[in-house]
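Notes to accompany the following structure.
The values are calculated or read from the model by the stated rules, or taken from the named source; none is laboratory data. These numbers were taken from a predicted model, which means no experiment stands behind them. Cβ placement follows ideal geometry from the backbone for every residue including glycine, while neighbour counts extend to all protein chains displayed. Ligands, DNA and RNA are excluded from the accessible area calculation, which covers all protein heavy atoms including side chains. Shrake-Rupley method; radii C 1.70, N 1.55, O 1.52, S 1.80 Å.
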Amino acid sequence: MATTKKVTRVSGGENTPKKETFVPTAEAKAQAGKFRMYGILLWVLAIVAEIGAMAILFKKDPEIDLATGSRIMLIVILLVDLVLLIAGSSFWKKANRFDPASKQNALKFFFQNQLGVVAAVIAFLPVVILAIIKKEYLVAAIAALFMVGGGAASADYNPPSKEAYAEQSTYVQELMGVDHVYWTKSGTKYHLYNDCQYLKSDRTTEIFEGGSVADAYANNRKIKPEMSSLCSACEKRAAKEKGWTDEQLQQAKDNALSSVQNAVQSQGDTNKK
Ligand SMILES: [Zn+2]
């Protein structure tokens, strides 16, 4: 039951933080859906290329060497396979930036973010095996190299999560009242003020503004989805404007983190019931 008494909310000292979860906007969901479709389509085309390469290998007699022309053809097809795979993975990772997975389900979180690695194995392992069976070792070695390289390029080393998005958004709201940030095309940080010293350099020709932290992550993949991606100069300035001490700033950060944890726990409880 909500109290009828007047409640004075004192920022930085709450014992019962708000429960925060990240929900993508309808627009972000639609963008993610579009990019996922492109990603899957390109992966399917990569597998079509792989099947083409396998068709050539199938017809080969293991005891007779392939003609140089056929061998070059095979390698070119594998190169097309590789390019399609990496392009597909790039769209897939972009989609996850718009609509990240939740860390609550560790298995789903892993597969959603690293599906490109699975695609790399599917797009190359069968051709590696067939090439070995057919004693076409150069082609097998090249396909294996492409599988490893393509897998490494398809992995997401900074996988976004709903929890990280919610933490950051909550923290920015604690500092500024609203989730409204600025970023540049290739910068690795997001900013709270558009006149931040780091946005004043000549290299910065365009500042993206008016989006949320989630928008910054969706539109600039160089910004890692983690707390340290908030510009420290902007963070200090916001704390100064609020008159916060370092401890109060840390408290606000802890609150943002625990409010998301609370939401995760309460969701987990609801799921159990
Ligand atoms: Zn800044």
field: Residue ID - surrounded by the most Cβ atoms within 10 Å (Cβ to Cβ), chosen from residues in segment 219-239 that are within 13 Å of the ligand (Cβ to nearest atom) and among the basic types (Lys, Arg)
entry: 237
- prompt: Quick one: how many residues across segment 146-203 are out of contact with any Leu (no Cβ under 8 Å at 6 or more places or on another chain), touching a residue at least 60 places away in the same chain (Cβ under 8 Å) and charged (D, E, K, R)?
  reply: 4
query: Does residue 142 qualify as being hydrophobic (A, V, I, L, M, F, W, C), in contact with a Gly (Cβ under 6 Å, 6 or more places away or on another chain) and open to solvent by less than 50 Å² (accessible area, probe 1.4 Å)?
result: no
task: Return yes or no: is residue 85 open to solvent by less than 70 Å² (accessible area, probe 1.4 Å) and either of a type in the set (Asp, Glu) or assigned to a loop (DSSP other than H, G, I, E, B) (or both)?
output: no
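Which residues, taken from segment 17-39, are within 21 Å of residue 80 (Cβ to Cβ), touching a helix residue (DSSP H, G or I) at 6+ places or on another chain (Cβ under 7 Å) and open to solvent by 80 Å² or more (accessible area, probe 1.4 Å)?
38
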Residues of segment 185-224 classified as modelled with pLDDT of 85 or more, in contact with a strand residue (DSSP E or B) (Cβ under 6 Å, 6 or more places away or on another chain) and not aliphatic (A, V, I, L, M), total: 4
- prompt: Taking segment 33-65, which residues are of a type in the set (Val, Ile, Thr) and more than 31 Å from the chain's Cα centre (by Cα)?
  reply: 56, 64
task: Inspect segment 113-127 for any residue being assigned to a helix (DSSP H, G or I), surrounded by fewer than 20 Cβ atoms within 10 Å (Cβ to Cβ) and touching a Phe, Trp or Tyr at 6+ places or on another chain (Cβ under 9 Å) and give the result as yes or no.
output: yes
task: Those residues that are of a type outside the set (Gly, Ala, Ser) and not in a helix (DSSP H, G or I), I need them from segment 151-179; list them, please.
output: 156, 157, 158, 159, 160, 178, 179
- request: Go through segment 181-199 and give me each residue that's near the ligand (Cβ under 8 Å from one of its atoms) and either closer than 18 Å to residue 240 by Cα or surrounded by fewer than 22 Cβ atoms within 10 Å (Cβ to Cβ) (or both).
  value: 191, 192, 193, 196, 197, 198, 199
- request: Could you list all residues from segment 53-70 that are open to solvent by less than 30 Å² (accessible area, probe 1.4 Å) and in a helix (DSSP H, G or I)?
  value: 53, 57
Positions within segment 9-39 being modelled with pLDDT of 55 or more and not in a helix (DSSP H, G or I), in sequence order: 18, 19, 20, 21, 22, 23, 24, 25
